[in-house]
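This structure is in structure tokens; I'll ask about it shortly.
The values are calculated or read from the model by the stated rules, or taken from the named source; none is laboratory data. Bear in mind that the values here come from a model prediction, so they are computed numbers and not experimental data. Neighbour counts are summed over all protein chains in view; Cβ atoms, including those assigned to glycine, are modelled from backbone coordinates with ideal geometry. Calculation scope for accessible area: heavy atoms of the full protein, side chains included, ligands and nucleic acids excluded. Shrake-Rupley method; radii C 1.70, N 1.55, O 1.52, S 1.80 Å.
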Amino acid sequence: MNFFESIVIAWESIVANKMRSLLTMLGIIIGVSSVITVSALGQGGRSAINKEMDSFGANRFGIYYNYNPDNPITDADAFTLQDVAVIKDISPVVEDIAPINWDKVNIQSRGKEIGVQIVATTADYVRIANLKLDAGRFFSHEDDNAKKHVAIISESLSKELFNSSVAIGKKIMVGNRPFKVIGLLGREESVFSMGQDSKLMYIPISTYFSFSGSNWINNIEGKAVSQTEVDKAIDHSLSILHRRHRNKDKYQAWNSQKEMDSVNRVTGIVALVISAIAGISLLVGGIGIMNIMLVSVTERTREIGIRKALGARESDIMMQFLIESLVLSFFGGTIGMFLGFGVSKIIAGLIKMPTVVSWQMIALAFTFSAGVGVCFGLYPARKAAYQDPIEALRYE
Amino acid sequence: MILVKNMTKLYKNGQNEVAALKEVDLHVKEGEFVAIMGPSGSGKSTLMNIIGCLDKPSAGEYFLDGKPISQLDSRRLAYVRNKKIGFIFQNINLLPRINSLRNVEIPMIYAGVLPNERRKKAMEALESVGLGDRWYHKPNELSGGQKQRVAIARALVNSPGIILADEPTGNLDSKSGAEIMEIFANLHRAGTTIILVTHEKKVARYAQKVVTFLDGRKVEEISSELL
């Protein structure tokens, strides 16, 4: 008897017992679909984060104060605009560098008062952060030097203030200072912000200092000429700063690559844990198959006897039951795969996250379910094959 | 063709050993039609199972076509059951969930006959027992007599030299029983060796020779004309 015959016989038996077959497959269906769902969402999330990181810029870095009660930061340690200019002049691996201060203020416009996030920086920041403008322009070095009261606002702030009508040229009052809107930022789709971008207002840092009452620069952000030069750019910047301020250990740095690695590590661990759980459900599914196959062997003792009387060898009977459990788990695997696709698409739609279904994952789920079919089908199949024909024929 | 020598079969029944067959000798020649009679428990079915290579004797020898069966392994025994012997059971033993054609195809599946030829032969076999219009009927859609005819088609389809029938008419009404026996008579005329177990004298009369068993022993072997 060949393999194809075995499949036909297995198929006949599966179709003849539809309900039992479905229940048998249930474990495998759940196992495979959860493996697929988890991995699709996991890989989707990972690739979304990576994409986000890429758009953020893989060669970005930042420098900030190393706050330490035993070694406090003083005015002498504060970053200056000259520091920034010197770093850019000296280091060949720093492509752009800009000071950046974040501040929360309340603004008034057309009788409304709302809290916004001010981002005070220089004209170079637009290249570092890769900002895209929908309309207007970013402020220039001239605007900065002249302490012009100009602002670039984010889409959500524009919506809130001007009800989506054209914002360029409008006035925004920060305290009693009028700022003229000269640019509008494009919407940034972000996994982290869940589709909502924040109310941002970019203004020249010199303008900011003119009313903030402090000349402290809180952060410096830069961009290395390439991803491989990020560490060198950080080294240069830190040593220039320490030399200029004649201090040490007052500053520290971050870089986007490091952030990306740690995010990937976390998502990797999460994916691994969930995959392990999904793997356990596959195992349980396999035990379910073994259970039903054992019942099926007992129930079909007489059939086994008849087949043996008609000339079936032990290997034929063994093959028949093994193929049956293989076909069951294979079908379960296929159904589970489509179910997994569907569920991951639905979840992805709900939490606005892309899904990635990799061929490796499909192949793995299939191999695993086939493996489950063979491993857990083997014992019942052996039991069927070695039945005594006379006793099997007499079985009621 | 079939030679049984001094055969004994013991069954363990708790502590006791019960002899189902005691020192039985039997010789069935090629083309012969033999009926085995006797009350239930007399060892008829045990003998049939041993002749059919489903069971092994405790002592004694069994030669089929001159070859000792006791030396065959399970694989060869399966081959003998498949190619040389056709079984017909009292309780018919069709597989309930598949149609007549598929039931008749089973022995050919294990004989390695290719699907197209298998289908053709199964159709011919069903036609030869008068069921050319019942190919796609499942067993529960057939009458008892029709079911037994499907079983006969199944037993014949690999053209075995020997047919072993264990009370084939036992569960049938007399009309169906007579139709079945006509098929056996035709098979006998065509040269098939037949061994048939029965309670009924009118069934045994179709045979040439009637062997009677009692308590595991062969007690009589006569020509059917003497019945």
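Please list, in order along region B:209-225, the HN-Hα scalar couplings obtained from phi with the Karplus expression 6.51 cos²θ - 1.76 cosθ + 1.60 (θ = phi - 60°), rounded to whole Hz, x for Gly and Pro.
Each residue's phi maps through the Karplus curve to give 10, 10, 10, 10, 10, 8, 6, x, 10, 7, 10, 7, 9, 10, 6, 5, 5 Hz.
May I ask you to give the average projected area over all directions of the convex hull of the Cα atoms of region A:50-103, in nm² rounded to one decimal? Write down the numbers at each step before the final one.
On the way: hull surface 23.2 nm².
For region A:50-103, the mean projected area of the Cα convex hull comes to 5.8 nm².
Also, quick follow-up: Placing +1 on the Cβ of each Lys and Arg and -1 on the Cβ of each Asp and Glu in the protein assembly as shown, which of A:S21, A:I351, A:A278 has its Cα farthest towards the positive end of the resulting dipole?
Checked the options; the winner is A:S21.
Right, something else. From the gyration tensor of the Cα coordinates in region A:305-368, what semi-axes in whole Å does the equivalent ellipsoid have, largest first, with each one equal to sqrt(5λ)? Working shown, then result.
On the way: eigenvalues 333, 25, 4 Å².
Each semi-axis is √(5λ); the values are 41, 11, 5 Å.
Follow-up question, since we're still on this one. If one computes P(r) from the Cα atoms of region B:161-227, what percent of pairs lie at distances over 17 Å?
42
Ok, one more. Give the angle, between 0 and 90 degrees and rounded to the nearest 10, that separates the Cα long axis of helix B:100-111 from the longest principal axis of the Cα atoms of chain B.
Long axis of B:100-111 versus the principal axis of chain B: about 60 degrees.
Separate question: How high is the relative contact order of region B:1-88, in percent, counting Cα pairs under 8 Å that sit 6 or more residues apart?
For region B:1-88, the relative contact order is 33 percent.
In a GNM of chain B with a 10 Å cut-off on Cα contacts, which of B:G144, B:G132, B:G66 has the highest mean-square fluctuation?
With Cα springs under 10 Å in chain B, the top fluctuation among B:G144, B:G132, B:G66 is at B:G66.
Taking N as the number of residues in region B:1-45, what is its Cα Rg relative to 2.2 N^0.38 Å?
Numbers: Rg = 12.9 Å, N = 45, 2.2 N^0.38 = 9.3 Å.
Taking N as the residue count of region B:1-45, the ratio is 1.38.
Starting from region B:105-150, pick out the chymotrypsin sites (Phe, Trp or Tyr not before Pro) whose DSSP state is loop and whose Cβ has at most 11 other Cβ atoms within 10 Å. The partial results should precede the final answer.
Numbers: sites: B:Y110, B:W135, B:Y136; in loops: B:W135, B:Y136.
Sparse-neighbourhood loop chymotrypsin sites (Phe, Trp or Tyr not before Pro): B:Y136.
Restricting to DSSP loop positions (anything but H, G, I, E, B) with no more than 15 other Cβ atoms inside 10 Å of their own Cβ, which GluC sites (Glu not before Pro) remain in region B:1-98?
B:E30
What is the Cα centroid distance between region B:65-122 and region A:346-396, reported in whole angstrom?
Their Cα centres are 31 Å away from one another.
Give me the angle, in degrees from 0 to 90, between the Cα long axis of helix A:18-56 and the longest principal axis of the Cα atoms of chain A, rounded to the nearest 10.
The answer is roughly 20 degrees.
With the cut-off at 1.5 for a/c, could you classify region B:1-84 from its C-alpha gyration tensor as rounded, prolate or oblate?
Oblate, since a/c reaches 1.5 and b/c is not below a/b.
Interface size between chain B and chain A, please: total buried accessible area, 1.4 Å probe, rounded to the nearest 100 Å².
Interface between B and A: roughly 2300 Å².
Something else now. How many Å³ per residue does the convex hull of the Cα positions in region B:45-180 occupy?
It is 114 Å³ per residue.
GNM, chain B, Cα, under 10 Å: largest mean-square fluctuation among B:N82, B:N140, B:N16?
Taking springs between Cα atoms under 10 Å, the residue moving most is B:N16.
Starting from a Cα-only point model with no solvent, please compute log10 I(q)/I(0) by Debye for region A:244-396 at q = 0.16 1/Å.
-0.93
Counting only helical runs of four or more DSSP H residues, what would the 222 nm mean residue ellipticity of the protein assembly as shown come to if each run contributes -39,500 (n - 2.57) and the total is spread over all its residues?
So the helix-based figure for the protein assembly as shown works out to -16000 deg cm²/dmol.
Something else about it: Given a 1.4 angstrom probe, what's the average accessible area per residue across chain A, in square angstrom?
Accessible surface, normalised per residue, equals 48 Å².
List the lysines whose Cα lies under 17 Å from the Cα of B:K22, skipping any in the same chain that are fewer than 8 positions away.
Cross-link targets: B:K5, B:K9, B:K12, B:K44, B:K56, B:K218.
Quote the relative contact order of region A:33-141 in percent (integer), defining contacts as alpha-carbon pairs under 8 Å separated by 6+ residues.
It comes to 19 percent, rounded to a whole number.
How large is log10 I(q)/I(0) at q = 0.13, 0.22 Å⁻¹ when the Debye formula is applied to the Cα atoms of region A:123-183, each weighted equally and without solvent?
-0.35, -0.95
On C-alpha positions alone, give me the angle between the axis of helix A:314-351 and the longest principal axis of chain A, in degrees, nearest 10.
For A:314-351 against chain A, the angle is about 20 degrees.
From zero up to wherever the largest Cα-Cα distance of the protein assembly as shown sits, split into 10 Å bins and tell me the percent of pairs in each.
Pairs per bin, as whole percents: 3, 13, 16, 13, 9, 7, 7, 7, 7, 8, 7, 4, 1, 0.
Nearest 5 percent is fine: what portion of the DSSP beta bridges confined to the protein assembly as shown is antiparallel?
70
Once you have the alpha carbon radius of gyration of region A:70-135, what is it after dividing by 2.2 N^0.38 Å, with N set to its residue count?
Values: Rg = 16.4 Å, N = 66, 2.2 N^0.38 = 10.8 Å.
It is 1.51.
Which whole-number percent gives the relative contact order of chain B, counting Cα pairs below 8 Å spaced six or more residues apart?
So the answer I get is 29 percent.
Within the P(r) computed for region A:8-77, what percentage of the Cα pairs occupies the region above 21 Å?
Counting pairs separated by more than 21 Å, the tail of P(r) holds 66 percent.
Based on alpha-carbon positions alone, could you give the equivalent ellipsoid semi-axes of region B:53-114 from the gyration tensor, as √(5λ), descending, whole Å?
For region B:53-114, the semi-axes come out at 27, 15, 9 Å.
Using a 1.4 angstrom probe on protein heavy atoms only, which residues from region A:307-334 are buried by at least 40 Å² of accessible area when all chains are present rather than their own chain alone?
A:R307, A:A309, A:L310, A:G311, A:R313
Looking at region A:1-129, what % of the alpha carbon pairs are farther apart than 27 Å?
Every Cα pair in region A:1-129 considered, those over 27 Å come to 61 percent.
Please state, as a whole number in µm²/s, the translational diffusion coefficient that the Stokes-Einstein equation yields for region A:111-270 at 10 °C and 1.306 mPa s, with Rh defined as the Kirkwood radius across alpha carbon pairs.
88
Can you tell me the equivalent ellipsoid semi-axes for region B:105-227? Use √(5λ) from the Cα gyration tensor, largest first, whole Å.
Working through the eigenvalues yields semi-axes of 29, 17, 12 Å.
So which residue, out of A:F61, A:F331, A:F162, gets the largest mean-square fluctuation from a GNM of chain A using Cα contacts under 10 Å as springs?
Among A:F61, A:F331, A:F162, the largest mean-square fluctuation in the Gaussian network model of chain A belongs to A:F162.
Enter the Cα centre distance for the pair region A:119-144 and region A:65-98, rounded to the nearest angstrom.
Here the two parts' Cα centres lie 21 Å apart.
Debye sum, Cα scatterers, chain B, no solvent: what log₁₀ I/I(0) at q = 0.07, 0.11, 0.18 1/Å?
Log10 of I(q)/I(0), two decimals: -0.22, -0.55, -1.36.
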